[in-house]
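Structure first, then comments.
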Amino acid sequence: MKQYLPILSAMVTILMWSSLASLTVGINHIPASLSVGIVLLIAMLPGIKYYRNWKLPINVWLTAIIGMFGYHFLLFDAFSRAPAVEVNMIQYLWPLFIVIGSPLFGGDKLNPGHIIGAIMAFSGVVLVMSSNLEEHNSAYWFGYLEAFAAALLWAGYTLSNRKHKNMPSSAIAVVCGISGILSLCVFGLTYVEVPQISYLDLLFICLLGLGPMGLSFYTWDYAMRNSDPRFIGSLTYLTPLLSTVMLTIFYNKSELTFEHLMSLTLIIAGSFLGKLFMMLQKNHQIKTT
């Protein structure tokens, strides 16, 4: 049973992350630097009591803070600049970057199943994205670039954390805290007036801080440290589809179509293909020996 806990942890994380876009769109009228700052400070709270474990090299802190702050700032700002569905799909390229980039960080080798599965899952993401594309406004492209850069940063953050085996999960709290303070500093330097925040805005901010930008950091960290990052990274291709469904339900942005069903098939098949290939290889080796 213990061997399945990392996978269960990853699935819980995926469900929480699926709500990220819907909650973020609900507060995209608030400057990204302010909302990200508040949310990350909330996310810091669960790990404060473990502060004695926060002794790590400065390069580890810098890498983690750049990844955490950069990803969320760029993502929140992208949602305020471009259509939510397209931004959501572009930023979910990070699972592909994790699968492809894992050999650079942990020495894990890619088998043909990982490559084919990544292509299939990526095709599913593209299919969902293309089914929601409307005539592009040139002003949206900066938001799209921000989403792409955010995907790169999160993949790098995730893989570098796995590389540092001695980094406790509780250290994510101080990463969130410093990133939140940085974000609020950016807000203080770039905005003169604090926008009006409603009770509904506060609810969304608290939900973000407790779920997709809170508990999810810890469950994701546990999953990546205790399982195969190629398999876990592939599983996260489920997130964009679930996230799009939530956007459809709560904001009526799009309709579920045949393209979405095809995407789901490609995403699920791509997620498990690498793992299936590894199992077949092991079985073949056992039979030959």
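The values are calculated or read from the model by the stated rules, or taken from the named source; none is laboratory data. The structure presented is a predicted model; accordingly, all values stated were derived computationally and were not measured. Using ideal geometry, Cβ is built from the backbone for each residue, glycine included, and neighbour counts are taken over all protein chains shown.
Where residues in region 94-105 are at pLDDT below 80 and surrounded by fewer than 21 Cβ atoms within 10 Å (Cβ to Cβ), which of them is farthest from PRO229 (Cα to Cα)?
LEU104
Which of the numbered conditions does SER80 fail, given that it passes all the others? Conditions: (1) among the hydroxyl-bearing types (Ser, Thr, Tyr); (2) within 13 Å of the chain's Cα centre (by Cα); (3) under 18 Å from ALA147 (Cα atoms).
Every condition holds for SER80 apart from (2).
Just the residues that are closer than 21 Å to PRO195 by Cβ and among the hydroxyl-bearing types (Ser, Thr, Tyr), please, taken from region 12-45.
SER22, THR24, SER33, SER35
Could you list, ordered by first residue, the pairs with Cβ atoms under 8 Å in which the first is in region 191-218 and more than 20 Å from PHE69 (Cβ to Cβ) and the second is of a type in the set (Ser, Thr, Tyr) and outside any helix (DSSP H, G or I), at least 6 apart or interchain?
LEU207/SER19
Could you tell me whether LEU145 is more than 14 Å from VAL60 (Cβ to Cβ), at pLDDT 90 or above and assigned to a helix (DSSP H, G or I)?
Working: more than 14 Å from VAL60 (Cβ to Cβ): yes; at pLDDT 90 or above: no; assigned to a helix (DSSP H, G or I): yes.
No; evaluated as a whole, the condition is false for this residue.
Which residues, taken from region 1-21, are of a type in the set (S, T, N, Q) and either in contact with an Asp or Glu (Cβ under 8 Å, 6 or more places away or on another chain) or modelled with pLDDT under 90 (or both)? Steps first, answer last, please.
Of region 1-21, the ones of a type in the set (S, T, N, Q) are 3, 9, 13, 18-19.
GLN3 - this is the single residue of region 1-21 that is of a type in the set (S, T, N, Q) and either in contact with an Asp or Glu (Cβ under 8 Å, 6 or more places away or on another chain) or modelled with pLDDT under 90 (or both).
Which one is nearest to SER234 (Cα to Cα) among residues in region 106-124 that are of a type in the set (Gly, Ala, Ser) and surrounded by fewer than 24 Cβ atoms within 10 Å (Cβ to Cβ)? Outline the logic, then answer.
Just the residues of region 106-124 that are of a type in the set (Gly, Ala, Ser), to begin with: 106-107, 113, 117-118, 121, 123-124.
Add one more test, that the residue is surrounded by fewer than 24 Cβ atoms within 10 Å (Cβ to Cβ), and what stays is 106-107, 113, 123.
Values: GLY106: 16, GLY107: 17, GLY113: 11, SER123: 13 Å.
Per the stated criteria, the residue is GLY113.
Which is closer than 19 Å to GLY156 by Cα and aliphatic (A, V, I, L, M), of ILE38, ILE66, ILE42?
ILE66
Take the conditions over 22 Å from ILE48 (Cα atoms), assigned to a helix (DSSP H, G or I) and β-branched (Val, Ile, Thr) and apply them to ILE267. Does it pass? Quick ask: steps written out before the conclusion?
On the way: over 22 Å from ILE48 (Cα atoms): yes; assigned to a helix (DSSP H, G or I): yes; β-branched (Val, Ile, Thr): yes.
For ILE267, the condition - over 22 Å from ILE48 (Cα atoms), assigned to a helix (DSSP H, G or I) and β-branched (Val, Ile, Thr) - is met.
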